[in-house]
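Note sheet for the following structure.
The values are calculated or read from the model by the stated rules, or taken from the named source; none is laboratory data. Since the structure is predicted, the reported quantities are computational estimates derived from the model, not experimental observations. Cβ: placed from backbone, ideal geometry, glycine included. Neighbour counts: every protein chain shown. To get the accessible areas, we keep the full protein, side chains included, count just its heavy atoms, and leave off ligands, DNA and RNA. Shrake-Rupley method; radii C 1.70, N 1.55, O 1.52, S 1.80 Å.
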Amino acid sequence: MAARDPVIVGIGLSDYPKAPHLSTLEHHAQALQRALADSGVQKGDIDGFLCAGVSGTSDDAVMAAEYLGIRHRYIDSTMTGGAAFEFHVQHAAAALRDGLCEMVLVSYGSDFLSRMGRTLGTASFGSSRRVSGGAMWEAPYGLPLVGSYAMVAQRHIFEFGTTSEQLAEIAVGVREYAGLNPLAMYRDPLSVDDVLSSRMIADPLHKLDCCVVSDGGGAVLMTTEERARDLPQPGVRVLGAAGGQTHWNISQMGDFTRSAAQQCAPEAFGRAGVTPADIDTIQFYDSFTITVLVMLEDCGFCAKGEGGPFVAEGHLKRGGRLPMNTDGGGLSASHSGMRGIFLLIEAVRQLRGQGGEAQVPNCELALCAGSGGYLSCIGTVILGRG
Amino acid sequence: MEVVRPEAWHKPLPDPDATERPFYEAAARGELRFQQCPACAHRQFYPRALCTACGAAPEWAIASGRGSVYTFTILRQYHAEHFRDELPYVVAMIELEEGVKMFGTLTGCEPEAVRIGLPVEAYAVEVEAGTAIPFWRPA
Ligand SMILES: [Zn+2]
């Protein structure tokens, strides 16, 4: 390990899944306070700041930096949807290696549920009647967010014979972990039949193929290996991070079954010097069951088109060889709009051995894969036990 | 393609720039356009001011309006005004004979009858004077 290798030294989650008492900025503040307490880091030492999705305005990062009182030397508000925080880790790792900063805060907060209500991705976003840019080619036809993922699922089923039962297995496995998380939004055991008999929202996706809507935020503190030695928590090493984009609007996805993970996951594995077979747990952005299936294939855990049978074999479940979303995921625990930071935080908990009942045995390597937009931007981060 | 003029259009409207506007104006005359690059022959949709493959300035080409369903979904829940009253409805990605894909609502058959590969044809819906967008129906 080299002195300036990037290490995660602190994590904090704000109140979830329901926090009507917290605004977006209060989520940021609470998550930071908890990450400071977790790490023993002094707030004044933070000199790098990365965030996204604060208010949706172009001054997001500087506004949040002012509120939190961060005097940064390095700032980044890369916005790649829910995958933004995996991209942030990639950028922060490079900045730390290059000496642009010493202590980085990656921050997210959202009052999504308290503000919007439970809408299953079928809410009407924005009220403007005139639409320009890439969204203009879709907006007049009325496709809500869930519909975009449904079109991916429909094509995957057509090309590879994937079944709704196989997709449902993803939701069932994640729910079992949610049962171990006292904070998870839904904790009762789920069966494949429960998923298939839940209301159809956008064929072929049922209500229980869709993530929950919650409040919540998170903070991740990163520094160098050198600085991490003086801190109380075992540092979690950022071994490899890479991201990519294939499209932004769904109409531009191309073949509708392949994502940028086909390009960025091999890059992350290469940087880390490990292979998919070495990974002990995956934390994947499960906005919908199909999101997991596509990324699972594209990250190389099985061949393209074989995600359905792979999932049905139970590998992602508790006791399987690749336990996924050990906090209950977006499908059952929490989804406050941009879930990428929760993937990182749960991976760190697992690598520290703080997973409690959900602890993955001998957990040394984790892969986080965030998806932003409609499988549009994928960010992959490989973390290793310190 | 046939041009249909609804009595009123309450759904979102396009706000095209100078590159994009000719597509909507042509559609209002019954002509379905896409772009082809004179330098590298790459075909693309939606229209842009450059070829996404090589960066050259693309030219307009005229599509037959025939294609097939590449993928689709049946929307059964959507709270947005002017759409919720039409549930369930089908939104599809159409692969044109010319190879480009276009997005749009598919009408003219029961939603449950839609399949990937279903042959379809375009028709134009004039959403305001001189501006039309493609819709699709079984051919
Ligand atoms: Zn070209």
- line: Counting other chain Cβ atoms within 10 Å of each Cβ in B:4-17 and taking the mean gives 4
task: Please report, in debye to the nearest 20, how large the charge dipole of the stretch B:18-138 is about its Cα centre when each Lys and Arg carries +1 at its beta carbon and each Asp and Glu carries -1 there.
output: 300 debye
message: Pick from A:CYS302, A:CYS51, A:CYS368 the residue whose mean-square fluctuation is largest in a GNM of chain A, springs joining Cα atoms under 10 Å.
response: A:CYS302
- line: With Cα coordinates, the longest principal axis of chain A makes an angle with the long axis of helix A:24-39, in degrees rounded to 10, of 60 degrees
- prompt: Rounded to whole Å and sorted largest first, what semi-axes of the equivalent ellipsoid does the C-alpha gyration tensor of the stretch A:272-359 yield via the square root of 5 times each eigenvalue?
  reply: 20, 16, 13
message: Looking only at chain B, where both bridge partners belong to it, what percent of the DSSP beta bridges are antiparallel (to the nearest 5)?
response: 90 percent
task: Describe numerically, in nm with one decimal, the distance between label points set 7 Å from Cα along Cα→Cβ at A:HIS21 and at A:MET116.
output: 2.5 nm
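Could you calculate the FRET efficiency of A:GLU357 with A:GLN42 from 1/(1 + (r/R0)^6), where r is the beta carbon distance between them and R0 is 30 Å, rounded to 0.05?
0.35
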- prompt: Modelled label-to-label distance, A:ASP278 and A:SER58, 7 Å Cα→beta-carbon offset: nm?
  reply: 4.3 nm
- request: Using per-residue counts of other Cβ atoms within 10 Å, averaged over each peptide, order B:56-64, A:18-26, B:91-99, A:337-345 from highest down.
  value: A:337-345, B:91-99, A:18-26, B:56-64
task: Shielding by partners for B:75-87, please: the mean number of other protein chain Cβ atoms within 10 Å of each residue's Cβ.
output: 6
query: In the full protein assembly as shown, how much of A:TRP248 is accessible to a 1.4 Å probe, in Å² to the nearest 10?
result: 110 Å²
statement: Helix A:164-178: inclination vs chain A longest Cα principal axis, degrees, rounded to 10, gives 40 degrees
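Quick one: work out Rg over Rh on the C-alpha atoms of chain B, Rh as Kirkwood radius.
On the Cα set of chain B, Rg over Rh gives 0.98.
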query: Using a 1.4 Å probe on protein heavy atoms only, how many Å² of accessible area do A and B hide from each other, summed over both chains and rounded to 100?
result: 3500 Å²
message: Order B:116-128, A:52-64, A:285-297 from most to least packed using the mean count of other Cβ atoms within 10 Å.
response: A:285-297, B:116-128, A:52-64
message: Compute and list, largest first, the equivalent-ellipsoid semi-axes of the stretch A:38-106 from the alpha carbon gyration tensor, each √(5λ) rounded to a whole angstrom.
response: 18, 15, 10
statement: Charge dipole of the protein assembly as shown built from unit charges on the beta carbon (Lys, Arg +1; Asp, Glu -1), centred at mean Cα; most positive-end Cα among A:LEU68, A:GLY56, A:SER214 is A:LEU68
query: Toward the positive end of the charge dipole of the stretch B:18-138, about the Cα centre and with charges on Cβ (Lys, Arg +1; Asp, Glu -1), which of B:LEU32, B:VAL100, B:GLY55 goes farthest?
result: B:GLY55
message: Going 7 Å from the Cα of A:ARG129 along its beta-carbon direction, which residues of the stretch B:1-40 have the amide nitrogen within less than 12 Å of the resulting point?
response: B:8-14
message: Here is the link list: A:LYS18/A:LYS43; A:LYS18/B:LYS11; B:LYS11/B:LYS101; A:LYS207/A:LYS304. Which ones come out longer than 30 Å on Cα distance?
response: A:LYS18/B:LYS11
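Quick check: at a probe of 1.4 Å, how many percent of the accessible area of chain A sits on carbon and sulfur atoms?
48 percent
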field: DSSP bridge pairs, chain A: antiparallel proportion in percent, nearest 5
entry: 75 percent
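Working out 0.36 nm times the residue gap between B:ARG66 and B:ALA8, then minus their Cα-Cα distance, what length gain in nm do you get to one decimal?
That works out to 18.2 nm of additional length.
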Of A:GLY330, A:ALA261, A:LEU13, farthest towards positive along the dipole that unit charges on Lys, Arg, Asp, Glu beta carbons give chain A: A:LEU13
statement: Checking A:PRO232, A:PRO204, A:PRO323 against a Gaussian network model of chain A (alpha-carbon springs below 10 Å), the top fluctuating residue turns out to be A:PRO232
- line: Computed over chain A: longest principal axis from alpha-carbon atoms vs helix A:261-272 long axis, angle to nearest 10 degrees, is 30 degrees
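Sort B:41-48, A:251-258 by the packing proxy (mean of other Cβ within 10 Å over each peptide's residues), most packed first.
A:251-258, B:41-48
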message: Using a 10 Å cut-off around each Cβ of peptide A:150-162, what is the average number of partner chain Cβ atoms that fall inside?
response: 4
message: So if I place +1 on the C-beta of Lys and Arg and -1 on the C-beta of Asp and Glu, and nothing else carries charge, what would the dipole magnitude of chain A be about its Cα centre? I want it in debye, nearest 20.
response: 380 debye
